[in-house]
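Engineer: Dropping the structure in here first, questions after.
Nothing in this text is a laboratory measurement; each read-out follows from the coordinates by a stated rule. Since the structure is predicted, the reported quantities are computational estimates derived from the model, not experimental observations. Please note: Cβ atoms are built from the backbone with ideal geometry, for glycine as well, and neighbour counts cover all protein chains shown.
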Amino acid sequence: MTSPSPVAPALSVLDLAPVVPVLVVDDAERAVPLARALVAGGLPAIEVTLRTPAALDAIRAIAAAVPEAVVGAGTVVVPEQVAACAAAGARFLVSPGWTDTLLTAMRASELPFLPGVSTTTEVVALLERGVRELKFFPAEAAGGTAYLRALAGPLPQARFCPTGGIGPDNAADYLALPNVGCVGGTWMVPADAVAGGEWGRIEALAREAAALGRA
């Protein structure tokens with residue numbers, strides 16, 4: 001049986017920036033200044049999670065008004081969401097886990113995607129399907145840097161964006177691993193700063209996060 005060819009997306013989310021801000025947007029009107037602050041701080045890849053009714057409007061607004069941002073959709077869990085996210089202007093997709101049905105829909109969208117894994121078996125199953133770029137979630141609860149370091153030996157072809165429990169105190173430890181391209185987190189978008197429109201503060205936090213890749 002012929003092995004499936006690796007997925008070769010037009011862009012690799014893992015190589016855009018060391019940190020991908022993970023946003024939960026309650027008010028789509030704040031999405032554009034928030035995205036501009038993150039991009040100005042050196043974080044162009046932005047994941048808007050589908051956890052609020054405003055998420056698709058936020059993706060649509062960022063895609064239209066902040067072309068220098070690479071806006072994606074996170075918490076994609078059913079195939080129907082894939083088409084809606086693509087129509088809104090999402091340029092990549094992220095899921096906390098995966099099924100064959102969801103994987104088929106994400107692949108058919110022709111957008112880069114990061115399916116979520118937390119076990120070696122899931123990683124091997126996706127490699128078998130030609131998928132090499134993955135989300136490791138929930139990173140800290142699933143074994144953290146020790147787990148990913150252990151995977152690097154037998155499965156060096158797999159690359160990860162760990163998300164879940166990652167912040168400024170441990171992000172650099174993940175980024176130092178050979179099989180980690182970037183990490184996802186929320187620490188550069190504190191809720192009080194977003195609510196108060198403190199875009200300068202968010203830009204400064206983003207700049208600190210972006211510098212982690214040069215540490």
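Engineer: In what sequence do PHE137, PHE92 fall when counting other Cβ within 10 Å, fewest first? If you can, show how the numbers build up before the last one.
Structural biologist: On the way: PHE137 24, PHE92 27.
Ranking PHE137, PHE92 by Cβ neighbours within 10 Å, fewest first, gives PHE137, PHE92.
Engineer: For segment 101-110, what does the Karplus curve 6.51 cos²θ - 1.76 cosθ + 1.60, with θ = phi - 60°, yield as ³J(HN,Hα) per residue in whole Hz, taken in order and with x for Gly and Pro?
Structural biologist: These are the phi-based 3J(HN,Hα) values: 5, 5, 4, 4, 5, 5, 5, 5, 5, 6 Hz.
Engineer: Quick one: 3J(HN,Hα) in Hz for segment 117-131, Karplus 6.51/-1.76/1.60 with θ = phi - 60°, rounded, Gly and Pro as x.
Structural biologist: Taking θ as phi minus 60°, the curve returns 9, 9, 9, 4, 4, 5, 4, 4, 4, 6, 4, 4, 8, x, 9 Hz for segment 117-131.
Engineer: Can you work out the FRET efficiency for the pair ASP15 and GLN157, with r the C-beta to C-beta distance and R0 = 22 Å, to the nearest 0.05?
Structural biologist: The pair ASP15/GLN157 has a calculated efficiency of 0.90.
Engineer: From the Cα gyration tensor of segment 16-214, with a ≥ b ≥ c the square roots of its eigenvalues, which class applies: rounded if a/c is under 1.5, or else prolate if a/b is larger than b/c, or else oblate? Before the final figure, lay out the partial values.
Structural biologist: Working: a/c = 2.07, a/b = 1.24, b/c = 1.67.
Cα axes put segment 16-214 in the oblate bin.
Engineer: Scan around LEU93 for amide H atoms under 5 Å from its own, H built in the peptide plane at 1.01 Å from N, and keep only partners 5 or more places away or cross-chain.
Structural biologist: Amide H neighbours of LEU93: ALA73, PHE113, LEU114.
Engineer: Efficiency by 1/(1 + (r/R0)^6): what FRET value for ALA195 and THR119, r their Cβ-Cβ distance, R0 = 41 Å, to the nearest 0.05?
Structural biologist: Computed FRET efficiency for ALA195 and THR119: 0.65.
Engineer: Calculate, in nm to one decimal, what GLU80 and GLU110 gain on full extension: separation in residues at 0.36 nm each, minus their alpha carbon distance.
Structural biologist: Extending this stretch completely gives an extra 9.3 nm.
Engineer: Amide H of VAL180: which non-local residues (sequence gap of 5 or more, or other chain) have their own amide H closer than 5 Å, using H built in the peptide plane?
Structural biologist: Distant-sequence amide H within range of VAL180: PHE160.
Engineer: Now, a different point. Please list 3J(HN,Hα) in residue order for segment 188-201, calculated via the Karplus relation 6.51 cos²θ - 1.76 cosθ + 1.60 where θ = phi - 60°; whole Hz, with x for glycine and proline.
Structural biologist: Whole-Hz 3J(HN,Hα) from phi for segment 188-201: 8, 10, x, 4, 5, 5, 5, 4, x, x, 8, 5, x, 5.
Engineer: Would you mind finding the longest exposed-site-free stretch of the chain, with exposed GluC sites (Glu not before Pro) meaning DSSP loop and at most 16 other Cβ atoms within 10 Å?
Structural biologist: With GluC sites (Glu not before Pro) excluded where exposed in loops, the chain gives 111-197 as its longest stretch.
Engineer: Show the residues, 5+ positions off or on another chain, whose built amide H is closer than 5 Å to the amide H of ALA45.
Structural biologist: Excluding prolines and chain starts, which carry no amide H, the hits are VAL70.
Engineer: Okay, moving on. Can you give the angle from 0 to 90° between the axis of helix 55-65 and the longest principal axis of the chain, with both taken from C-alpha atoms, to the nearest 10?
Structural biologist: 70 degrees
Engineer: Based on DSSP H runs of at least 4 residues, each adding -39500 (n - 2.57), what is the mean residue ellipticity at 222 nm of the chain after dividing by all its residues, to the nearest 500 deg cm²/dmol? Each step should come with its number before you reach the end.
Structural biologist: Values: 9 runs with 81 residues, N = 215.
Counting only the DSSP helices, I get -10500 deg cm²/dmol.
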